[in-house]
Amino acid sequence: MPAEIHPRLQPVFDEFLARNPGEKEFHQAVYEVLVSLTPIAGKKPEYAQWSILRRMCEPERQIIFRVPWMDDEGTVRINRGFRVEFNSALGPYKGGLRFHPSVNLSIIKFLGFEQVYKNSLTGMPIGGGKGGSDFDPKGRSKAEVMRFCQSFMTELYRHIGEYTDVPAGDIGVGTRELGFLFGQYKRITNRYESGVLTGKGQSWGGSLVRTEATGYGAVFFVEEMLRARGEDLQGRRIVVSGSGNVAIYAIEKAQQRGATVIACSDSNGYVVDESGLDLDLLKDVKEERRGRLSDYVSERGSSCRHVTNGSIWQVPCDIALPSATQNELGVDDAKALVGNGVRLVAEGANMPCTPEAVEIFTQAGVPYAPGKASNAGGVATSALEMQQNASRDSWTFEDTETRLGEIMRAIHTRCAETAAEYGNPGNYVMGANLAGYLKVADAMVAQGLI
Ligand code: NDP
């Protein structure tokens with residue numbers, strides 16, 4: 001591990017490790033936040049007290065449940081469902097659901113823990129949580145996905161609600177899945193409670209811009225990082241990993257701002273398209289047909305190539321936006337990016353860079369934005385969706401996008417000012433973690449020992 005935890009905080013980490021054996025992703029997320037708290041351990045020890053820190057590392061509630069369903073052949077399948085309600089100091093638990101075979105308790109806890117500080121950074125009244133299942137929607141028929149979602153919600157419904165816990169999408173959970181989940185919630189509760197889920201479809205309570213929000217927001221954040229250095233996106237070469245919701249809309253906004261996005265990936269490889277990715281084709285392949293990048297390459301023709309082994313981070317670029325999944329960018333990738341002259345790295349995904357990779361960017365002086373700051377546009381727009389649902393209103397695309405832009409600029413300012421205040425100007429990790437943490441800690445102290 002590259003950086004040290006302050007000696008005053010080390011006993012908390014030791015106790016945390018002993019209480020959560022084997023949960024390596026969760027360890028990684030907590031470690032990163034504890035390292036960032038170093039300045040307050042000396043300067044503001046009241047915020048680094050055991051009583052707060054130990055509660056911060058322990059979810060308020062962890063729910064694990066069986067999800068039985070029947071496939072199209074009539075075979076009974078069993079998956080595991082999770083919802084970790086991590087911290088409600090600032091508002092109802094808020095965070096997505098992930099359906100992917102890799103999902104386990106460690107991954108859901110790391111995502112829930114990150115979500116607490118991300119949601120705090122948005123400045124909106126939302127707590128943090130996360131959930132999902134080891135169900136793999138890939139290759140499943142629509143009817144199978146619907147039966148799975150209905151079974152999942154048949155247990156989850158009793159734990160969620162507009163004022164309690166408000167799930168959204170994440171990997172493997174898009175508008176289609178949210179539709180099935182919402183339908184079953186409505187059926188069981190006999191309530192049209194729009195605010196219980198976000199990321200809904202346009203015709204049933206969804207907000208304009210929610211689909212685009214995480215990717216657009218990441219690009220707005222990058223623009224602020226560049227602006228702070230007197231630069232902009234015009235003519236920049238960008239590599240984006242993934243080709244899902246976050247990646248596609250990061251590509252769209254970057255292209256709108258005059259950058260050339262030359263590569264993206266899926267779990268079977270990556271595509272390099274030096275003249276710039278054809279976004280219409282990419283959307284058709286990935287969003288409409290739920291196909292593979294190999295389909296994109298065969299339809300796009302000779303201007304691009306498909307690489308099935310190796311790392312997308314070998315492709316030289318000015319800006320890297322890892323937007324697929326956790327720990328997808330390691331030491332060798334970071335070295336390749338720095339060696340090829342990368343100027344900026346911002347996370348579209350949650351924790352895609354390993355701590356060792358982050359250390360390489362830091363040592364090389366490459367500005368790096370952690371996901372809890374740069375990908376916060378998704379959850380921020382979910383909070384805007386909740387506002388619209390509560391007031392039975394729906395805002396225009398332009399108005400909602402303007403608000404998203406303002407929120408991302410405010411998050412950037414909050415991170416930059418906090419990092420400078422605590423003696424680490426330009427350190428977005430420290431700025432994001434400290435700013436997010438202090439607000440939650442204040443609320444927890446005010447609400448007593450619960
Ligand atoms: P999607 O399911 O829409 O897309 C995920 C993409 O990542 C797909 O292209 C997928 O490839 C690829 N991928 C997944 N796992 C791997 C892997 N192990 N190796 C390589 N590629 C992989 O998810 P999202 O775009 O919604 O989420 C991406 C990341 O962004 C996640 O970390 C998520 O937590 C984070 N995030 C998402 C938000 C949102 O609003 N959606 C908000 C904030 C963060 P394939 O098509 O082959 O599966």
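The values are calculated or read from the model by the stated rules, or taken from the named source; none is laboratory data. Just so we're clear, the structure is a prediction, and the values are computed from it rather than from any experiment. With ideal geometry, Cβ positions are generated from the backbone for all residues, glycine too; neighbour counts draw on all protein chains shown. Areas reflect the complete protein model, heavy atoms only, side chains present, ligands, DNA and RNA absent. Shrake-Rupley method; radii C 1.70, N 1.55, O 1.52, S 1.80 Å.
Can you put Leu90, Leu449 in order of accessible area, largest first, using a 1.4 Å probe?
Leu449, Leu90
Hey, what do the phi angles of the range 171-179 turn into as Karplus ³J(HN,Hα) couplings, whole Hz, using 6.51/-1.76/1.60 and θ = phi - 60°, x for Gly and Pro?
For the range 171-179, the Karplus-derived couplings read 3, x, 10, x, 4, 4, 5, 4, x Hz, x marking Gly and Pro.
Relative contact order for the chain: what percent, with Cα pairs under 8 Å and sequence separation of 6 or more?
Across the chain, relative contact order equals 15 percent.
Which of the lysines could a cross-linker bridge to Lys44, judged by Cα under 21 Å and excluding same-chain residues fewer than eight apart?
Of all the lysines, those that pass the test against Lys44 - Cα under 21 Å, at least 8 places apart if same chain - are Lys439.
I want to verify a result. In a Gaussian network model of the chain, Cα cutoff 10 Å, which of these has the top mean-square fluctuation: Gln363, Gln49, Gln326?
Among Gln363, Gln49, Gln326, the largest GNM mean-square fluctuation belongs to Gln363.
Take Thr402 and Ala364, extend 7 Å from each Cα along the Cα→Cβ direction, and tell me the distance between the two endpoints in nm.
Computed distance between label sites Thr402 and Ala364 equals 4.0 nm.
Please compute, for the alpha-carbon atoms of the range 129-263, the extent along each of the three principal axes and give them in descending order in Å.
54, 34, 26
Between Arg392 and Arg77, what length comes free when the chain is fully extended (0.36 nm per residue of separation minus the Cα-Cα distance, one decimal in nm)?
Here the segment from Arg392 to Arg77 would lengthen by 109.5 nm.
Residue farthest toward the positive end of the dipole of the chain, with Cβ of Lys/Arg at +1 and Asp/Glu at -1: which of His27, Gln388, Ile411?
Gln388
Any chance you could look up the accessible area of Phe16 with a 1.4 Å probe, heavy atoms only, rounded to 10 Å²?
The accessible area of Phe16 comes to roughly 10 Å².
For Ser207, what residues show an amide H to amide H distance below 5 Å, using hydrogens built from the backbone and excluding near sequence neighbours?
Amide H neighbours of Ser207: Gly199, Lys200.
At 1.4 Å probe size, with no ligands or nucleic acids counted, give the accessible surface of Asp280 in Å², nearest ten.
Roughly 120 Å² of Asp280 is accessible to a 1.4 Å probe.
How large is ³J(HN,Hα), in whole Hz, for each residue of the range 45-58 in order, when computed from phi with the Karplus curve 6.51 cos²θ - 1.76 cosθ + 1.60 and θ = phi - 60°, using x for Gly and Pro?
Using θ = phi - 60°, the values come out as x, 4, 8, 10, 5, 3, 4, 7, 4, 5, 5, 4, 8, 10 Hz.
Would you calculate a helix-derived [θ] at 222 nm for the chain, using -39,500 (n - 2.57) for each DSSP H run of n ≥ 4 and dividing by the full residue count, to the nearest 500?
Theoretical 222 nm ellipticity from helices: -14500 deg cm²/dmol.
What accessible surface, in Å², does a 1.4 Å probe find on Ser294, ignoring ligands, DNA and RNA and rounding to the nearest 10?
My reading of the accessible area for Ser294 is about 50 Å².
Based only on the alpha carbon positions, what is the Kirkwood hydrodynamic radius of the range 292-450, in angstrom?
18.2 Å
Scan around Gly348 for amide H atoms under 5 Å from its own, H built in the peptide plane at 1.01 Å from N, and keep only partners 5 or more places away or cross-chain.
Correct list: Ser323.
Find how many whole Å separate the alpha carbon centroid of the range 393-414 from the alpha carbon centroid of the range 297-336.
First find each Cα centre; the distance between them is then 30 Å.
Relative contact order of the range 247-302, please, whole-number percent, based on alpha carbon pairs below 8 angstrom and at least 6 residues apart.
It comes to 27 percent, rounded to a whole number.
Determine which lysines satisfy two conditions relative to Lys335: a Cα distance under 28 Å, and not lying fewer than 8 residues away in the same chain.
Output for Lys335: Lys24, Lys118, Lys253, Lys372.
In whole percent, and with a 1.4 Å probe on the protein chains, what portion of the accessible area of the chain is carbon and sulfur?
C and S atoms contribute 49 percent here.
For the chain, what are Rg and Dmax over the alpha carbons, in angstrom?
Over the chain's Cα set, Rg and Dmax evaluate to 20.9, 64 Å.
Working out 0.36 nm times the residue gap between Arg187 and Asp332, then minus their Cα-Cα distance, what length gain in nm do you get to one decimal?
The span from Arg187 to Asp332 would gain 47.2 nm if fully extended.
So if I place +1 on the C-beta of Lys and Arg and -1 on the C-beta of Asp and Glu, and nothing else carries charge, what would the dipole magnitude of the range 352-450 be about its Cα centre? I want it in debye, nearest 20.
160 debye
Determine Rg/Rh for the range 58-144; Rg is computed over alpha-carbon atoms and Rh is the Kirkwood hydrodynamic estimate from the same atoms.
The Rg/Rh ratio comes out at 1.08.
Could you name the lysines in cross-link range of Lys186, using Cα to Cα under 28 Å and dropping any fewer than eight places away on the same chain?
Qualifying lysines at Cα under 28 Å: Lys94, Lys109, Lys130, Lys138, Lys142, Lys200.
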